[in-house]
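Chemist: Once you've had a glance at the structure underneath, I'll fire off some questions.
The values are calculated or read from the model by the stated rules, or taken from the named source; none is laboratory data. Worth saying up front: this structure is predicted, and the values here are computed from it rather than measured. For neighbour counting, all protein chains shown are included, and Cβ atoms are generated from backbone atoms with ideal geometry for every residue, glycine included.
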Amino acid sequence: MAEPRGDRARRALIDTAERLIAERGLTALSLREVAAAAGQRNHSAVQYHFGGRAGLVEAVFDARMTPIDARRRDMLTALEAAGRTDDLAALCDVVVRPLAEAVVGDQPGWYGRFLAEVARSEPGLLTVDRPVMATLHRAGVLMAAAMPAVPPGLRSERLYLALRSAVSLLGDRERVAAAGGDPGTPAPVFTAHLVDLVHAMVAAPPSPGLAAALRDAGLDG
C-alpha cells in the first residue's frame, strides 16, 4: 500500500530538518528553506504539519528516538528479568549502546550532530518527561541507586554530565565522518569504548579535591 501523501510530506520535512540542523545549527533553521528543500511548494508546510519550529524539532527528536527507546526498553527488561538492576556497568550499556549504534551504524547520517545541537541549544528536550525518553529516565533512576561511591547530591549532575559528554562525542565522530575524515576506531569498538567511558564517569568516587569542595559547600552529607 502506498504511503499517504501527508505522511510522505511529514517524513520529508523531518528528514530535511534533521539534516539542516545537523549541518548548520538550530539557530540557522529556516522553516521556508526546510519546506523548499523537502520538495514542498507550500512554504507554510512546517506550520501545517507541526505547528512551527518547536513542533518540527520535537518531531525529528521523537522520530529518531522512538526505535532507540524501544531497544533500550528491551535491554532494560532483560536486565530486570535477570535481577541485575544494580549492575551499573550493564545499566550504562542499556543507556549508551542503543544511541551509539544508531548514530555510528548509520553513516553518513545526521542524528548525532542533530542531537548534539539540541543538547546545546534546547537541552529541555533531553530532560522533559517525553514518552520516547521513558526508558532512559527509568534507567537513570536505577543508575543513581547503583552509584554508592558518589554522594547522593552529585548523582543527578554526574549522570547529566556523562550523558551530555556521550552525545557530544557521538556528534564529533559523525562530524568527522561527514567531512570525509577518519573517525578512528571501528564502530563496534567505539561504541563499547563509549559505554566504558560513561561507566567510568558515573562510577568514579570523589577525588580529594572534589571531596574538599563538597565539604566547603556543605554538600558532603
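Chemist: Quick one: which residue in Thr77, Thr85, Thr16 is among the β-branched types (Val, Ile, Thr), within 19 Å of Leu163 (Cβ to Cβ) and at pLDDT 95 or above? So that I can check it myself, show each step before the final result.
Modeler: Numbers: Thr77 fails: within 19 Å of Leu163 (Cβ to Cβ); Thr16 fails: within 19 Å of Leu163 (Cβ to Cβ).
Just one listed residue meets the conditions, Thr85.
Chemist: Keeping to the stretch 20-32, report how many residues are outside any loop (DSSP other than H, G, I, E, B) and either at pLDDT below 90 or over 16 Å from Gly55 (Cα atoms) (or both).
Modeler: The initial filter retains those residues of the stretch 20-32 that are outside any loop (DSSP other than H, G, I, E, B), namely 20-24, 31-32.
In the following step, the residues that additionally are either at pLDDT below 90 or over 16 Å from Gly55 (Cα atoms) (or both) were identified as 22-24.
Adding up the residues that qualify gives 3.
Chemist: If you don't mind, there's one more thing I want to ask. May I ask you to list the residues in the stretch 51-82 that are among the small types (Gly, Ala, Ser) and surrounded by fewer than 16 Cβ atoms within 10 Å (Cβ to Cβ)?
Modeler: Taking the stretch 51-82 first, the residues among the small types (Gly, Ala, Ser) are 51-52, 54-55, 59, 63, 70, 78, 81-82.
Scanning the stretch 51-82 gives Gly51, Gly52, Ala54, Gly55, Ala70, Ala78, Ala81, Ala82.
Chemist: Still on this structure: Name every residue in the stretch 179-189 that is modelled with pLDDT of 90 or more and either assigned to a helix (DSSP H, G or I) or buried (at least 16 other Cβ atoms within 10 Å of the Cβ) (or both), in order of residue number.
Modeler: Ala187, Pro188, Val189
Chemist: Answer with yes or no whether Leu136 is closer than 25 Å to Ala63 by Cα, without any contact (Cβ under 8 Å) to a residue 60 or more places away in the chain and under 17 Å from the mean Cα position of the chain (by Cα). If you could, list the steps in order and put the result at the bottom.
Modeler: Working: closer than 25 Å to Ala63 by Cα: yes; without any contact (Cβ under 8 Å) to a residue 60 or more places away in the chain: no; under 17 Å from the mean Cα position of the chain (by Cα): yes.
Spelling it out, it is not the case that Leu136 is closer than 25 Å to Ala63 by Cα, without any contact (Cβ under 8 Å) to a residue 60 or more places away in the chain and under 17 Å from the mean Cα position of the chain (by Cα).
Chemist: For Thr85, work out the one condition from (1) among the polar types (S, T, N, Q); (2) farther than 21 Å from Gly112 by Cα; (3) surrounded by fewer than 18 Cβ atoms within 10 Å (Cβ to Cβ) it doesn't fulfil.
Modeler: Single failed check for Thr85: (3).
Chemist: Name the single residue that is farthest from Ala90 (Cα to Cα) among those in the stretch 143-154 being at pLDDT below 95 and in a helix (DSSP H, G or I).
Modeler: Among those residues, the one meeting the criterion is Gly153.
Chemist: Here are some residues: Ala192, Ala139, Ala200. Which one is farther than 30 Å from Arg19 by Cβ, among the hydrophobic types (A, V, I, L, M, F, W, C), outside any loop (DSSP other than H, G, I, E, B) and out of contact with any strand residue (DSSP E or B) (no Cβ under 7 Å at 6 or more places or on another chain)? Break it down stepwise before answering.
Modeler: On the way: Ala192 fails: farther than 30 Å from Arg19 by Cβ; Ala139 fails: farther than 30 Å from Arg19 by Cβ.
Exactly one of Ala192, Ala139, Ala200 is farther than 30 Å from Arg19 by Cβ, among the hydrophobic types (A, V, I, L, M, F, W, C), outside any loop (DSSP other than H, G, I, E, B) and out of contact with any strand residue (DSSP E or B) (no Cβ under 7 Å at 6 or more places or on another chain), namely Ala200.
Chemist: Mind checking whether some residue in the stretch 31-48 is touching a helix residue (DSSP H, G or I) at 6+ places or on another chain (Cβ under 7 Å), surrounded by 19 or more Cβ atoms within 10 Å (Cβ to Cβ) and either of a type in the set (S, T, N, Q) or free of Cβ contacts under 8 Å to residues at least 12 places away in the same chain (or both)?
Modeler: Scanning the stretch 31-48, I find at least one residue that is touching a helix residue (DSSP H, G or I) at 6+ places or on another chain (Cβ under 7 Å), surrounded by 19 or more Cβ atoms within 10 Å (Cβ to Cβ) and either of a type in the set (S, T, N, Q) or free of Cβ contacts under 8 Å to residues at least 12 places away in the same chain (or both), so the answer is yes.
Chemist: Inspect all residues belonging to the stretch 162-176 and state whether any of them is basic (Lys, Arg), surrounded by fewer than 18 Cβ atoms within 10 Å (Cβ to Cβ) and either modelled with pLDDT of 95 or more or within 22 Å of the chain's Cα centre (by Cα) (or both).
Modeler: So far as the stretch 162-176 goes, yes, one or more of its residues are basic (Lys, Arg), surrounded by fewer than 18 Cβ atoms within 10 Å (Cβ to Cβ) and either modelled with pLDDT of 95 or more or within 22 Å of the chain's Cα centre (by Cα) (or both).
Chemist: Here's another thing I want to ask about it. Considering the stretch 99-126 alone, what residues qualify as being over 17 Å from Val60 (Cβ atoms) and surrounded by 24 or more Cβ atoms within 10 Å (Cβ to Cβ)?
Modeler: Listed by number, the list holds a single entry, Ala100.
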